[in-house]
Amino acid sequence: MAIFSNPTPESGEGAKPPFNRRKGDGVPLSIIAKDMTVTGDIETQGVLKVEGRVKGTIRAAAQVIISPGATIEGDLHTKEAVVAGEIQGTITASERVELQASALVRGDIATPRIAILEGGRVTGEVNMTESRTPKSSGAEKPLEGKGP
């Protein structure tokens, strides 16, 4: 048997299940290196890691990772964004945004969940949208016996 081959489990009772990979292993990863500048829009169904510079809109179905020292001049649309670099544009994430200590966002953020580590900076509006739930109509009612 070769070192890098995967053995095929034998069928039948008592057979070992196939090796389970990590959840993200089936998702393609694209990397924009430190010395690279991309001018134009980027679209991927997987994960995009930016270490260099992007001038344009990014659309990534799974996740966008902005490394320290990386810069984005454009909008970002994704499920999850992890930012340690600089973004000048709007971030729209359907699940969550994480701003690490070195992050700088000059623009608005719309996401249902956000984590901002100490040192992470935002110059813009943060809109914590509810995911898959209708917005409440009208003002909240005070608790019984605890009103103005």
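We did not get these values from a lab; they are worked out from the coordinates using the rules stated. Keep in mind that what you see is a predicted model, and the values were worked out from it rather than measured. All Cβ positions, even for glycine, are placed from backbone atoms using ideal geometry, and neighbour counts span all protein chains on display.
Given axes a ≥ b ≥ c from the Cα gyration tensor, I'd like to know whether segment 65-118 is rounded (a/c under 1.5), prolate (a/b larger than b/c) or oblate. Oblate shape, in that a/c is at least 1.5 and b/c is the bigger or equal ratio.
Given the peptides 35-44, 63-72, arrange them by the average over their residues of other C-beta atoms within 10 Å, most packed first. Intermediate results must be reported in sequence, preceding the final value.
On the way: 35-44: 12.5, 63-72: 20.7.
Highest mean packing first, the order is 63-72, 35-44.
Would you mind calculating the gained length between residue 108 and residue 127 on full extension (0.36 nm times residue separation, minus the Cα-Cα distance), in nm to one decimal?
Numbers: separation 19, 0.36 × 19 = 6.84 nm, distance 0.77 nm.
Between residue 108 and residue 127, full extension yields an extra 6.1 nm.
Modelled spin-label separation between residue 94 and residue 59, with each label point placed 7 Å from Cα along the Cα-to-Cβ direction: 1.2 nm. Of all DSSP beta bridges confined to segment 26-125, the antiparallel ones make up roughly 0%.
Find the centroid of the Cα atoms in segment 68-88 and in segment 93-133, then give the distance between the two in whole Å. If we compute the Cα centre of each part, the gap is 11 Å.
As a proxy for reagent exposure, ranking 80, 118, 125 by other Cβ atoms within 10 Å from fewest up yields 118, 125, 80.
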